[in-house]
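Step one of this worksheet: look at the structure below.
The numbers here are math on the coordinates, done by the rules we state, and not lab data. Predicted model only: the values in this text are computed from it and were never measured. Cβ coordinates were reconstructed from backbone atoms using ideal geometry, including for glycine residues, and neighbour counts include every protein chain displayed.
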Amino acid sequence: MDSASKGSSPGVGRSNIDAFLATLSPWDLLYLRGKFRSGIPITGLAGLPDLPAEIISLIVIELTLDDIVNCRLVSRDWYSSWTQGAVITALSHFFFPGLIEKHKQLSNLQSPHGLVQASVANALRRRHARPSRTSFILWREPRCPVFRRPGEEAEEPLDCHRLSFDVPGPTAFYDRGRLAWQADKLKIVVDDLRTCERHDCSLTEMHLHGQELALQGMSRELLVFIAKRVGAGSNYNTMQIWHTDLKDWRRVTLPGPFARCYVQGERVAFFTRQRLLVAWSWRGGASEIDISGEMNQPPEDYEGRRSFPGVILHPEKPDTLYVASIFRSKLNPGITGQSQKLRFLMSVVRYEDGKPTERWQELIQEDSLTDSFFNSLHKFFRVVLLCPKMGPNGLYNLGTVLTAIDVTYGEARLGELDLAQVVELATTAFSIYKESFIQRRFVESAGDSTTYCLPMQYEPSLYGLCDREEPLTTWSEEHASIPRWVELDTDGQRLDADKAEDVLVLYLREVKCGLEQELCLIVGDEDFQIHVTSVGILVWSFTEGTRLPAMDGPESLRGAKNEPSTLDTPVRPIHLLPFMG
């Protein structure tokens, strides 16, 4: 029996139609469309209202949000075209992946149109509008004029604030309106940007027991510390966890030296250097997650043995987490250097109740990859997936990784003391509500190629050096929750009052006589953008739900210049991230 008698499949028929349509001119397509419209003639070119929603949905992903808003304002017909159901869905999937799916899972009855409208307004407000208020807050301890402890007396005149020391202190951490920073070895300060309340996490008892605690991560509910003991070298496996609301401690002993942690709500995922994964929750205790099974192994023609996976903790499902990995195609021994065509495969495994239940894999598209590779990506492919949260809709970045600069120190083995740096390998992400990968075209943002973080710092508990950060792509810059670093132009003569970095320089000039190189760490979310420096923080508020005072400008800090500090070290505006050899 010949193949014709079996009938053609729908896929074959559609491919034939696509091939035929590709041969037609625009005028031929208009003629064909007229035939399909029951012979009703349409003269001239098609206007936007004449296009089907499917075509407009394809146009959406080629435009910016500003373009789309401007198109809606052209006329009522255009507004109707841009707010059709299919177009709204396409706009949501491209600009706000997971938005509609999240609210469906949470049984939110708000319409997709309303959800997208609110998200567009928030995104454009962050991009173009000035913040509702600007606050510059010096690192002051005690009696800060902005943050008050419950029952603390009224503010006193300025008595102390942090100055720039040669050896900076730990960095600041932020999550959902709370900022944690270390005042000294015996105290962590937690400032609530919404209520302006200040709470202390005392480390005195641990210190008396011979433990030095180093903050490794935080959520709004938890502070996660590593407990360092004298003589233990860099092999620390005891974690201390403080609940910021309950004011209580818990201790977790890991089955190996600590490498990295991921924090979400009241849950923490710990990695040891032996690649053992421990899931812990405040109310449920600890359990080891077996990631040695087949689901987490690279395909035969890929490698990833020296890389570390990342973890995504589902915010609404306490029994669910995702283990994300990136595998690189094996090197061809016949081709040397960086001329090889490399392929990168993303893999995400979902765990429920500690058991793997499903896996997703997808190749990183060529136009989503960086075009500047590092030796560590070519020779050894040593990366740690950081999995930073990209917003409120369950999108987590997979392309921002920690990797090592290919250097050695004296007799040290490679990997023992490598310089580490954060780079964007690709503009890729995973949506936990869609449970699918998201890829975008890799477009570098404007600015210097590298931000150098000097002086270099070495922290044994973090197992690596970090002396520079690569700039983010334009896609990552659109997501406020991804940390970024900028080097302030302290010598700039013409400063833009609408640019946060320039505004920050104006404030710093009021409190420091001489401005040397100043690095700024930017963290935040949809409501706040916090610019962390060694002197203080500049907070841009994009919400009315805060008691932060609005400042009239840098002049409000006059009189605070170079006052003495009672604090040992300033906050370090960089993240020292762990890297495992």
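Some observations on this one:
- Taking all Cα pairs closer than 8 Å and separated by 6 or more residues, the relative contact order of the stretch 51-128 comes to 29 percent.
- Among 111-117, 304-310, 539-545, sorting by the average number of other beta carbon atoms lying within 10 angstrom of each residue, highest first, gives 304-310, 539-545, 111-117.
- Legend: translational diffusion of the stretch 51-128 by Stokes-Einstein, Rh = Kirkwood radius over C-alpha pairs, 20 °C, 1.002 mPa s; D = 167 µm²/s.
- Entries in K389/K499; K317/K389; K228/K389; K104/K355; K102/K317; K247/K317 that, when Cα-Cα distance is taken, lie over 19 Å: K389/K499; K228/K389; K104/K355; K247/K317
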